[in-house]
2 protein chains.
Amino acid sequence: MSSGHIQGAQSTYRTLQVLRAIAGELGSGVSLAYITQRTGLSKPTVHRLLQALMAEGMVEKSDEEGYFLGPECYALGVIANQRYGLREIAATPVARIAADTGDSAFFCLRSEWHSLCLIREDGSYPIKTHVLQPGTRLPLGVGGAGIAMLAAMSDDEVEQCLAANAEECAAHFPNDQRADHLPRIAECRALGYGINRGSVVAGSWGIGAAVRDRHGRVLGALSVAAIESRLQPQRQRELGPRLVEAARTLETKIHRAQRMR
Amino acid sequence: MSSGHIQGAQSTYRTLQVLRAIAGELGSGVSLAYITQRTGLSKPTVHRLLQALMAEGMVEKSDEEGYFLGPECYALGVIANQRYGLREIAATPVARIAADTGDSAFFCLRSEWHSLCLIREDGSYPIKTHVLQPGTRLPLGVGGAGIAMLAAMSDDEVEQCLAANAEECAAHFPNDQRADHLPRIAECRALGYGINRGSVVAGSWGIGAAVRDRHGRVLGALSVAAIESRLQPQRQRELGPRLVEAARTLETKIHRAQRMR
DNA sequence: CTCCGTATTCCATAAAATGGAATTAAAAAA
DNA sequence: TTTTTTAATTCCATTTTATGGAATACGGAG
């Protein structure tokens, strides 16, 4: 998928490809054949890598459901969380946005070419859109957060991303093909925030603002979702900059957390 | 470290070795030299693997502190958590043990040859031992949970573990050398629960019971810690079986969670 | 400037990973 | 039950990739 270019580390890339093919299906198990197909690797290769990953506890296999991520992945995540405790750091701003706006607020994490919903906080407004739940994984470029993240990347990365997700978008998101993405990205770059006008589920609109790490890489995005009527242009112009500001504040908090031991 | 034996996957093992060498220092960054020394791999090899891991977001580097786990590790953990949500599942029993006994209760996760504290819940008794915090990592065999986990493994694994941790124990835990471990393991196997008689910090005692997955592999352990005077033999005989029972109940919950999608 | 510890690059060699094809196991159909 | 189909696993000669010694570059400290 990603064109691994460090020389002499092919199998490292392949190992990670396999892990992510499994991760891509979230909690549900996947078959060897599926991984084979998704990664483009040969059957014996995938099988060999899986055996090794299983021996190390990174992957487990259930007879009924196939392969899924194992306890060592979980442990790695727990440890990464010590430094990288995005959930804790982002929880406060997300809650505040939800409280202030009355709508549902989110923090989504970038994961490969996808957006992974980490936090959801509902606001007080009685009609809530339930498209994004914690754990929901959408291709980048889809949804408010996804648009913001994609727009925050280089054209080159955008290109790679659209290529990587083309198939999935074609299958699940008829309103998120290549031609639909580009103008939204341009708009987002101009405004600073991304606008989702119901392309995932009709009537469910959203706004997102990207969050970068200290090196400028896109980490994730803050976003707000509401029904169409609550996100008309005037409110977009109100919420957008508010989200962007919150994203900036969050960024400095994250940078600080990453700096100290 | 672990003698990877699946043929044709050397670099997968090496990649994971590097990741774990970094994870082993928890949130703090490590140097290339450190990883080199810890894994026994050559400098160019480690360097190459790190470049690849960084390109994939599994590892990050800060100029001041060196390498640490990156956002993709975090994301993997979040996803593994969907199925493997040990924290959520174990939270209730841990809280109940703390409430019932009045002492601090813990759930520790097995991570390689270490015990990683996931959950700590304080009881009502006013003197608390603060040796184990969430995130604390101890060699297996050290502490109540660690003894229980180690004792639950095969003699062969115990051997590997002691070898792997010998250096660390020698450096940090003078009361946890090989000769100290073996009788404790024997005791634990006889009783069903492990007893830590202050070998980490004098006066801080503990009891632990191992938790296995559906395939019998050790996942982690429940434990209780208190000051010495609160864990004398009579109370050990009271708490031990209680912990074991809680561990059994937890196991069935975990197995059920792992079975369904 | 030099020394020293650390990180990075090079490249000929050795070793490991590869994948086509064969085999086996597991489901599905007859 | 047996047959058919599909998926998983093993084999092994071939080729590519990973390897690590040595050389080089970097970054303080004196």
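Side notes on the structure shown:
- Within this structure, B:Asp122 fails the test of being over 17 Å from A:Cys73 (Cβ atoms), touching a Gly at 6+ places or on another chain (Cβ under 7 Å), at pLDDT 90 or above and acidic (Asp, Glu).
- Taken over segment B:202-229, the criterion of being open to solvent by 50 Å² or more (accessible area, probe 1.4 Å) and either part of a strand (DSSP E or B) or under 24 Å from B:Ala90 (Cβ atoms) (or both) is satisfied by B:Arg212, B:Arg214, B:His215, B:Arg217.
- For A:Tyr13, the criteria (1) within 15 Å of DNA strand D (Cβ to nearest atom); (2) in a loop (DSSP other than H, G, I, E, B) hold in every case but one, which is (2).
- Pairs are defined by a Cβ separation below 8 Å, a sequence spacing of at least 6 or placement on different chains, a first member in segment B:185-199 that is under 10 Å from B:Ile147 (Cα atoms), and a second member that is acidic (Asp, Glu); the pairs so defined are B:Gly194/B:Glu187; B:Ile195/B:Glu187.
- Qualifying residue in segment A:234-254 (condition: under 16 Å from the mean Cα position of the chain (by Cα) and either within 14 Å of another protein chain (Cβ to nearest Cβ) or not in a helix (DSSP H, G or I) (or both)): no
- When segment A:1-30 is filtered for residues that are modelled with pLDDT under 90 and more than 23 Å from A:Leu162 (Cα to Cα), the ones remaining, listed by number, are A:Gln7, A:Gly8, A:Gly27, A:Ser28, A:Gly29, A:Val30.
- When B:Cys73 is tested against (1) within 16 Å of DNA strand D (Cβ to nearest atom); (2) open to solvent by less than 10 Å² (accessible area, probe 1.4 Å), just one condition goes unmet, and that condition is (1).
- Count - residues of segment A:36-46 that are within 14 Å of chain B (Cβ to nearest Cβ), in a helix (DSSP H, G or I) and more than 11 Å from A:Thr15 (Cα to Cα): 2
- Segment B:178-190, subset open to solvent by 60 Å² or more (accessible area, probe 1.4 Å) and touching a helix residue (DSSP H, G or I) at 6+ places or on another chain (Cβ under 6 Å), residue farthest from B:Cys108 (Cα to Cα): B:Arg178
- Residue count, segment B:31-61 (criterion: more than 14 Å from DNA strand D (Cβ to nearest atom) and either over 25 Å from the mean Cα position of the chain (by Cα) or crowded, with 20+ Cβ neighbours inside 10 Å (or both)): 5
- Of all residues in segment B:76-109, those satisfying the criterion of being modelled with pLDDT of 90 or more, small (Gly, Ala, Ser) and open to solvent by less than 10 Å² (accessible area, probe 1.4 Å) are B:Ala90, B:Ala98, B:Gly102, B:Ser104, B:Ala105.
- Considering residues of segment B:16-30 that are open to solvent by less than 10 Å² (accessible area, probe 1.4 Å) and within 13 Å of DNA strand D (Cβ to nearest atom) only, the residue farthest from A:Val18 (Cα to Cα): B:Val18
- Filter pass, A:Arg120 being of a type in the set (Lys, Arg), surrounded by fewer than 17 Cβ atoms within 10 Å (Cβ to Cβ), within 14 Å of chain B (Cβ to nearest Cβ) and without any contact (Cβ under 8 Å) to a residue 40 or more places away in the chain: no
- All of (1) among the basic types (Lys, Arg); (2) touching a Leu at 6+ places or on another chain (Cβ under 9 Å); (3) loosely packed, with under 14 Cβ neighbours inside 10 Å hold for B:Arg197 with one exception: (3).
- Selection status of B:Phe68, open to solvent by less than 10 Å² (accessible area, probe 1.4 Å), more than 7 Å from every other protein chain (Cβ to nearest Cβ) and assigned to a strand (DSSP E or B): no
The values are calculated or read from the model by the stated rules, or taken from the named source; none is laboratory data. Just so it is clear, the structure is predicted and the values come from calculations on it, not from any experiment. Heads up, the Cβs are rebuilt from the backbone with ideal geometry, glycines too, and the neighbour counts pull from every protein chain shown. Side chains are part of the model used for accessible areas, which takes the heavy atoms of the whole protein and leaves out ligands, DNA and RNA. Shrake-Rupley method; radii C 1.70, N 1.55, O 1.52, S 1.80 Å.
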